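We did not get these values from a lab; they are worked out from the coordinates using the rules stated. Just so we're clear, the structure is a prediction, and the values are computed from it rather than from any experiment. Cβ placement follows ideal geometry from the backbone for every residue including glycine, while neighbour counts extend to all protein chains displayed.
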There are 2 protein chains.
Amino acid sequence: MTKPPHAGSEESPARLRSIPEASVARLAVYLRKLGELAEEGAETVSSDELAAATGVNPAKLRKDLSYIGSYGIRGVGYEVAALVQQLERTLGLNHRQAVALVGIGNLGHALAGYSGFSGRGFPVTALFDVDPDLVGIHINGILVEHVRAIPEVCPARGVTIGMIATPASAAQSVCDLFVEAGVRCILNFAPVVLQVPEEVEVRKVDLAVELQILAFHVARKNVAAAEQQATAANASVNGHPVNGAGRFTE
Amino acid sequence: MTKPPHAGSEESPARLRSIPEASVARLAVYLRKLGELAEEGAETVSSDELAAATGVNPAKLRKDLSYIGSYGIRGVGYEVAALVQQLERTLGLNHRQAVALVGIGNLGHALAGYSGFSGRGFPVTALFDVDPDLVGIHINGILVEHVRAIPEVCPARGVTIGMIATPASAAQSVCDLFVEAGVRCILNFAPVVLQVPEEVEVRKVDLAVELQILAFHVARKNVAAAEQQATAANASVNGHPVNGAGRFTE
DNA sequence: GCGACTTTGTGCGTGCCTTCACAAGCGACT
DNA sequence: AGTCGCTTGTGAAGGCACGCACAAAGTCGC
């Protein structure tokens with residue numbers, strides 16, 4: 001190590017910025033698994049165990065964890081509790097992040113009631129829509145307000161993250177309202193590329209695209225299977241040659 | 001070009017396999033935008049236009065498109081209709097992909113009714129759950145069946161893609177059933193790493209992780225802002241220095 | 001107290017992805 | 001017909017991420 005451990009150091013800004021994007025995504029996964037392990041009473045985990053449980057290469061995992069500091073003990077592994085705490089701090093989960101959700105349609109309704117959010121430190125504290133039939137009702141105890149109230153309500157409730165689950169046509173204007181409200185991180189479920197000032201971070205989740213990617217792989221597999229069948233025309237009737245329901249070690 | 005164009009060639013398996021994963025994801029995005037353009041009556045698009053609309057580097061877009069063959073006209077751009085057709089073929093959207101969904105909870109219910117799927121060539125043709133209160137009801141005209149029927153129902157309806165929206169604890173066993181049913185592509189919303197034989201492709205969508213990644217960026221931005229405020233202590237009261245609701249050119 | 005074993009942390013080679021920059025090709029205009 | 005301008009397609013360079021393999025560092029057993 002080049003730097004002294006600095007046991008109880010607050011935050012290390014320089015380090016935060018240098019964590020590769022790909023690693024951040026995995027850190028969140030490690031954190032979840034570590035949470036489970038903690039509940040099961042585990043005190044330490046080795047990188048091999050945690051890597052296997054999260055489907056990651058052990059070396060990659062260790063490198064990921066090294067970005068947030070050396071919290072492992074050689075010959076033993078990682079102390080679960082300490083690692084959880086450190087990860088939460090790194091990921092900004094030490095203070096709760098209030099979330100606002102716009103668009104109470106099919107998907108939005110589900111997101112509003114999704115326990116995975118509030119259960120993991122992301123309380124949904126504001127709901128918005130334009131539909132007069134929806135404005136005024138409560139979902140999970142939260143009032144649905146009109147979209148135009150965004151610039152007022154969000155700062156008041158300390159919203160740091162906005163989720164957009166509107167139709168594509170409304171997404172950009174909602175996004176503009178979020179920006180106006182000072183929200184600097186947006187999770188976008190609408191199939192549009194949002195235009196935002198550079199200090200605003202947008203992540204896009206596009207369910208239809210996910211399926212299309214899978215469809216591509218279906219096609220690829222079919223072609224591969226056809227080739228295989230053509231070249232080596234041995235056995236394997238076109239009933240499914242899948243091997244049982246066993247567990248595999250990848 | 002090394003190869004002759006081969007105008008109406010069927011499928012080119014060798015090429016399919018060589019498309020980088022990252023490009024496939026973007027091809028799906030291009031396809032959607034091209035669909036919109038086609039509806040607006042556009043006949044051609046330049047790589048610059050399409051790149052701007054999808055938030056991608058123009059050179060990257062051209063390279064992506066080059067993987068599926070040269071369908072552009074120099075000096076003019078890409079013929080929208082032809083490109084749409086070619087993309088659909090490459091992504092395996094020329095034949096509809098039947099989708100099965102397991103887990104009719106909060107999220108599952110929304111997914112079952114999500115118009116973005118059936119509207120884009122992914123009809124949800126089977127729903128499953130274990131809850132006796134759910135089994136037997138219809139959602140959007142589709143019967144909810146018991147999970148144990150998966151190995152029987154899926155092949156019968158030609159299901160090629162399975163979606164798992166169950167709690168984490170049930171995901172692996174459902175996955176095993178899909179595998180048994182011959183489903184080779186799975187979209188997993190449960191926060192677990194699924195163990196599958198290698199011929200099966202799994203994509204994972206983890207909403208909580210998406211939020212945690214954003215939370216990290218919130219923290220990062222806060223630190224950056226604090227630094228900036230500390231070093232250059234000029235103006236910018238801590239009201240939001242955001243610039244209006246204008247449109248930005250990135 | 002010492003040696004053997006275990007596990008972390010990381011330097012380094014490898015391959016993929018991105019981006020720049022430019023030649024090749026096509027249409028329009030004269 | 002020739003020239004000019006525009007856009008594609010791609011070679012090459014740079015950067016990032018992955019994963020191996022090993023040294024450093026700690027624990028456990030004797």
Looking down the axis that turns A into B, which residue of A has the closest beta carbon, and how many Å out? A:110, 2
Can you give me the C-alpha center-to-center distance between the range B:66-113 and the range B:118-184, rounded to a whole angstrom? 22
To check you understand DSSP bridge types, tell me what percent of the beta bridges within the range A:54-185 (both residues inside) are antiparallel, rounded to 5. 25
In debye to the nearest 20, how big a dipole does the range B:158-228 give about its Cα centre with +1 on each Lys and Arg Cβ and -1 on each Asp and Glu Cβ? 300
Ordered by number, the chymotrypsin sites (Phe, Trp or Tyr not before Pro) in the range A:49-100 that occupy a DSSP loop and have at most 11 other Cβ atoms within 10 Å are none
Checking the a/c ratio against 1.5 first, then a/b against b/c, what shape does the Cα gyration tensor give for chain A? oblate
What does the C-alpha gyration tensor say about the overall shape of the range A:78-183? Classify as rounded when a/c is under 1.5, otherwise prolate if a/b is larger than b/c, or oblate. prolate
Using the structure shown, select from A:60/A:221; A:204/B:63; A:63/B:204; A:63/B:221; A:221/B:221 the pairs with a Cα to Cα distance greater than 32 angstrom. A:221/B:221
Percent relative contact order of chain A, based on C-alpha pairs within less than 8 angstrom and at least six residues apart? 11
DSSP-defined antiparallel bridges as percent of all bridges, the protein assembly as shown, nearest 5: 25
Ellipticity estimate at 222 nm from DSSP helix runs (n ≥ 4, -39,500 (n - 2.57)) divided over the protein assembly as shown, nearest 500: -13000 deg cm²/dmol
State, to one decimal in nm, how far the label point of residue B:96 lies from the label point of residue A:130, with both points 7 Å from Cα in the Cβ direction. 3.1
To the nearest 0.05, the calculated FRET efficiency linking residue A:44 and residue B:225 through their beta-carbon distance, R0 being 41 Å, is 0.65
Between residue B:36 and residue A:118, with labels modelled 7 Å along Cα→Cβ, what's the label distance in nm to one decimal, could you check? 3.4
What is the protein assembly as shown by shape, rounded, prolate or oblate, if you read a ≥ b ≥ c off the alpha carbon gyration tensor as root eigenvalues and call it rounded for a/c under 1.5, prolate for a/b larger than b/c, and oblate otherwise? rounded
Relative contact order for the range B:19-139: what percent, with Cα pairs under 8 Å and sequence separation of 6 or more? 22
Among A:19, A:186, A:164, which one shows the biggest mean-square fluctuation in a GNM of chain A, springs joining Cα atoms closer than 10 Å? A:19
Sum of side-chain charges, residue B:74 neighbourhood, beta-carbon under 14 Å (Lys, Arg +1; Asp, Glu -1): -1
Mean-square fluctuation maximum in Gaussian network of chain B, Cα pairs under 10 Å, restricted to B:221, B:33, B:60, hits B:221
